[in-house]
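Colleague: Next up is a structure, given as structure tokens.
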Amino acid sequence: MQSEVRAGKEQNEIADRIKWEAMLVVSRHGGDDLSVEDAARRAGIEPALAKECFGSRDALLTAIILDAYHAMGDSAEHGARQAQEGGGGYLERWLGVCRGVRTWAVANPLHFALVWGPPLKDYDAPVETMEAGGRTPVALIAIVREAVEAGALRDHALTPPLDDAMLRNVEILSSSISAGLPDIVIARMNIAWTQLLGMSGFAVYGHIAGVAADPVAFFDHAASAMGEYVGLPR
């Protein structure tokens, strides 16, 4: 039993070394130059052994993408739990998720760029990456859904009426992770989500320095404002 555990641990360590080298290749050259054999050589691993972990370039890409999405989801969900355990309400929990995203992004700029940068050429993401990538928006949606069900979500007139084109955008989400939420709330959520990723990107790439003397305070204010825009009460 101990030998099996040790062998499993060693295989995980080998896989992690290969994934890190793959991450470096993708960050510098994109996915076109990535191969399992090259990543293995860079990691000092026999290519044949690497093939036992990752059967193809796409399998290796999927592995590092899943790692990124799950780490982001872990950080977002942890932020929500911390806020709730501290007695925070809907808006504080929303802010906790947003802070979790920013914290992860700043600490892992290569992984942030991997999943939120330019799409990888000739790579078709499997369903499991979409499920993993959905963890963070689902954490936000869960808070909003809870507020809706409790009758606590505020309505306001800060959103222009939804035209036919915008309703088509909303329809895509209303039939999946946002099912059951009012159309106007889904539209606001989508706006807030893109705002969150944009603010996180500003933090990752250092662009926020020219906008705010205190980047963290700016982020907290903007993330809270987006939560209120969605309709969460103070």
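Just so you know, all these numbers are worked out from the coordinates, no wet-lab data involved. Model, not experiment: these values are computed from the prediction. Note: ideal-geometry Cβ built from the backbone for every residue, glycine included; neighbour counts use all protein chains shown.
Colleague: Have a look at Gly55, Gly79, Gly88 and tell me which one the Gaussian network model of the chain (Cα, springs below 10 Å) gives the largest fluctuation.
Modeller: Sorting by GNM fluctuation, first place goes to Gly55.
Colleague: Mean residue ellipticity at 222 nm from the helices of the chain, using -39,500 (n - 2.57) per DSSP H segment of n ≥ 4 over the full residue count, to the nearest 500 deg cm²/dmol?
Modeller: -24000 deg cm²/dmol
Colleague: So if I take the centroid of the Cα atoms in segment 147-226 and the same for segment 103-133, what is the distance between those two points in Å?
Modeller: Here the answer is 20 Å between Cα centres.
Colleague: Right, another one. Restricting attention to segment 72-138, which GluC sites (Glu not before Pro) occupy a DSSP loop and are surrounded by at most 10 other Cβ atoms within 10 Å?
Modeller: In loop regions of segment 72-138 (DSSP not H, G, I, E or B), there are no sparsely surrounded GluC sites (Glu not before Pro).
Colleague: Here's something else I'd like to know. Please check: in the Gaussian network model of the chain (C-alpha springs, under 10 Å), which one of Ile18, Ile141, Ile177 has the largest mean-square fluctuation.
Modeller: Ile177
Colleague: Let me ask another. Would you please name the trypsin sites (Lys or Arg not before Pro) within segment 119-204 that are DSSP coil residues with at most 15 other C-beta atoms within 10 Å of their C-beta? Mind showing how you got there, number by number?
Modeller: On the way: sites: Lys121, Arg135, Arg145, Arg154, Arg168, Arg188; in loops: Lys121, Arg154.
In loop regions of segment 119-204 (DSSP not H, G, I, E or B), the sparsely surrounded trypsin sites (Lys or Arg not before Pro) are Lys121, Arg154.
Colleague: Filter the DSSP H helices in the chain by two things, a Kyte-Doolittle mean of at least 0.0 and an axial alpha-carbon span of 30 angstrom or more, and list the hits by number.
Modeller: On the way: long enough: 2-29 (40 Å, -0.81); 57-85 (42 Å, -0.30); 183-204 (32 Å, 1.06).
Sorted by number, the helices that extend far enough and score high enough are 183-204.
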